[in-house]
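K.L.:
The structure that follows is given in the form of structure tokens.
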Amino acid sequence: MTKILVTGALGQIGTELAGELAARYGKSSVLISDVRKPQSFAGELEFVGLDVTNPDAIGSIIAEHGITDIFHMAAILSASGEKNPALAYRVNSDGTFNILEEARKAGVRKVMIPSTIGVFGAETPRINTPDITVLRPTTMYGITKVNAELLALYYRDRYALDVRGLRFPGIISYLTPPSAGTTDYAVDIFYHAVQGKDYQCYLKKDTALPMMYMPDALHSLVKLFEAKGDKLRHCLEYNVSAYSFTPEEIYGEIREVYPEFRITYEPDFRQKIAETWPASLDSHFAREDWGFAPEYDLKHTVQDMIQNLRKILVHQ
Ligand SMILES: NC(=O)c1ccc[n+]([C@@H]2O[C@H](COP(=O)([O-])OP(=O)(O)OC[C@H]3O[C@@H](n4cnc5c(N)ncnc54)[C@H](O)[C@@H]3O)[C@@H](O)[C@H]2O)c1
């Protein structure tokens, strides 16, 4: 019997991940949780309030619901983390420690923890960045995520806890708006284009970053979850991305559909963060070890985003 706890399940990725897991393993196999209360949750999945900074609450939920596996999605992302570094530290570092420790004590089978390109820093090679390289981030988000990667290795090696994860690039999606990351412009730009509004971008026009469309992000997580453990050479250090682009390049793709669409550039503090992140990633370990194979290229992502956002925004 499988019972998966998803933390941070009301976030950009958690919302869609919960639906994907329910479709795959059955609705009764998924328990969603978040520190926030759901406003309206269309997925009809069982919800429980959970603040991951509270270890006792995690332990009780694991015991009461017979949790076998955890997808730990609760986090404070890069831009929010710079506004409130102490909160980012508590949620990302203490929260991840609590999840690992409670999972170990309860004998949970597998813990999935997404990491991020935010673990890299200005001294990391920016092009085709390898999995194992210099990790000296300058944001609190990046620092706490390096901590999470090292904690995961510690729990795997010291306690044989099966901890798995991957380093997501910017994730493009239309269902749940992103919270406050540095790559969010790649989602906001679509909302503006589809609503017929001009867009002011907070990054410079030539800032290339790696990205991926949500369906590929979800399939990657599930694929890694189901992969044979003896094939995995890494713990959370799997780089994954489908493509890289600059704001000017995605603007060009969107203008193929909306020729009237206009963009201006007004870089803010997020430009500095983006400049310390890779422009492209080497994902060969993920491909070889667990079959990472994204299906959406940039053109298909743009077409699908626009089609779906048109449907959603028309009904609002
Ligand atoms: N979205 C991206 O582009 C992206 C890129 C790289 C990595 N990631 C990683 O993927 C994971 C999920 O990211 P996301 O984009 O869904 O983030 P998000 O900010 O959209 O969602 C995070 C969720 O965590 C919840 N949360 C915050 N504090 C909490 C606490 N104390 N206890 C419980 N829940 C709490 C929030 O309410 C929110 O619903 C994170 O680990 C993030 O680092 C995301």
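K.L.:
For the stretch 221-235, which positions are assigned to a helix (DSSP H, G or I) and of a type in the set (A, V, I, L, M)? If you could, list the steps in order and put the result at the bottom.
P.N.:
So in the stretch 221-235, the residues assigned to a helix (DSSP H, G or I) come out as 221-226, 229-231.
Hits for the stretch 221-235 are L221, V222, L224.
K.L.:
Taking the condition of being within 17 Å of the chain's Cα centre (by Cα) and in a loop (DSSP other than H, G, I, E, B), how many residues in the stretch 169-203 meet it? First the steps, then the outcome.
P.N.:
Initially, the stretch 169-203 is screened for residues within 17 Å of the chain's Cα centre (by Cα), giving 169-188.
Then drop every residue that is not in a loop (DSSP other than H, G, I, E, B), which leaves 169, 173-184.
Residues meeting the conditions: 13.
The rows are residues; the columns are (1) closer than 22 Å to E226 by Cβ; (2) out of contact with any helix residue (DSSP H, G or I) (no Cβ under 6 Å at 6 or more places or on another chain); (3) in the same structural domain as G107 (by TED's automatic domain parsing); (4) modelled with pLDDT of 95 or more.
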{"site": "K145", "(1), (2), (3), (4)": "no, no, yes, yes"}
{"site": "A152", "(1), (2), (3), (4)": "yes, yes, yes, yes"}
{"site": "A160", "(1), (2), (3), (4)": "yes, yes, yes, yes"}
{"site": "L175", "(1), (2), (3), (4)": "no, no, no, no"}
{"site": "G181", "(1), (2), (3), (4)": "no, no, no, no"}
{"site": "I189", "(1), (2), (3), (4)": "no, yes, no, yes"}
{"site": "Y199", "(1), (2), (3), (4)": "no, no, no, yes"}
{"site": "L203", "(1), (2), (3), (4)": "no, no, no, yes"}
{"site": "T207", "(1), (2), (3), (4)": "no, no, no, yes"}
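K.L.:
Are any residues in the stretch 53-81 surrounded by 16 or more Cβ atoms within 10 Å (Cβ to Cβ), under 12 Å from L31 (Cβ atoms) and touching a residue at least 60 places away in the same chain (Cβ under 8 Å), and if so, which ones?
P.N.:
Scanning the stretch 53-81 gives I67, T68, D69, I70, F71.
K.L.:
Still on this model: Which of the residues belonging to the stretch 204-219 are outside any strand (DSSP E or B) and surrounded by 23 or more Cβ atoms within 10 Å (Cβ to Cβ)? Explain how you work it out, then say what you get.
P.N.:
Of the stretch 204-219, the ones outside any strand (DSSP E or B) are 204-208, 214-219.
Listed by number, the residues that qualify are M214, A217.
K.L.:
Taking the stretch 163-177 as the search range and keeping residues that are out of contact with any Asp or Glu (no Cβ under 9 Å at 6 or more places or on another chain) and more than 7 Å from the ligand (Cβ to nearest atom), which one is farthest from E237 (Cα to Cα)?
P.N.:
Restricting to residues being out of contact with any Asp or Glu (no Cβ under 9 Å at 6 or more places or on another chain) and more than 7 Å from the ligand (Cβ to nearest atom), the top hit is I172.
The values are calculated or read from the model by the stated rules, or taken from the named source; none is laboratory data. Note that the structure is a prediction, hence the values are computed from the model and not measured. Glycine also receives a Cβ, built like all others from the backbone with ideal geometry; neighbour counts cover every protein chain displayed.
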